[in-house]
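Everything below concerns the one structure shown next.
The values are calculated or read from the model by the stated rules, or taken from the named source; none is laboratory data. None of the values given here were measured: they were computed from a predicted structure. Every residue, glycine as well, gets a Cβ built from its backbone with ideal geometry; the counts of neighbours run over all protein chains shown.
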Amino acid sequence: MSDSLVRRVCLSAIGCTLLALSACSTVDSASNRLVNVVTPYKIDIVQGNFVAREQAAAVKPGMSRGQVKNILGTPLLTSIFHADRWDYVFTFKRQGVTPQARRVTVFFKDDVLTRIEADDLPSEAEFVASLDSGRKIGRVPVLEMSEESLKATAKPVMPAEVKALPPTPSSYPPLEAAAL
């Protein structure tokens, strides 16, 4: 082979190598830009007991444990070491939004509520409004039935003729035979 041909092949090989190396950095920066645009979907994580401002306002000192449980629900944390304390903890994590965490603690003495400590709580309407993630849901259907629809789906009334049931026995036979 002639020197000029060898020189051309070497220069072509060096040029192809430089072109390939520069393409790698271009592809790498383009893929980084693509990764920044496309992110994986992360679900909303809701944990614990949500306690609204209205619920906390309904709980008054002097209430029994059952009454408090009816209003606030079952506590998330109870401890045998702190039997007179119930903790209601709520966390809400959503992609792109700072996590929310709220705590409500109720204290009892002799099974009677003595005091309640709570973070700044939202009303139920404020909390529901904060759940809207910006998704377009579409038209909300009407959740009422017309009188005609109710009459069409009504079950027919059974006749009043009901047979009387036989009287219940005063004693039942033994399940096993008596051993002799």
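One table, with the values for the structure above:
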| quantity | calculated |
| --- | --- |
| Identity of the residue in region 50-94, aromatic (Phe, Trp, Tyr) and over 13 Å from Ala118 (Cα atoms), that ends up surrounded by the most Cβ atoms within 10 Å (Cβ to Cβ) | Phe92 |
| Region 100-122 residues that are in the same structural domain as Pro75 (by TED's automatic domain parsing) and closer than 13 Å to Pro61 by Cα, paired with ones that are part of a strand (DSSP E or B) and of a type in the set (Ser, Thr, Tyr) (beta carbon under 6 Å, 6 or more apart) | Phe107/Thr114; Glu117/Thr105 |
| Selection within region 44-70 - among the aliphatic types (A, V, I, L, M) and within 12 Å of Tyr88 (Cα to Cα) | Val51, Ala52, Ala56, Val68 |
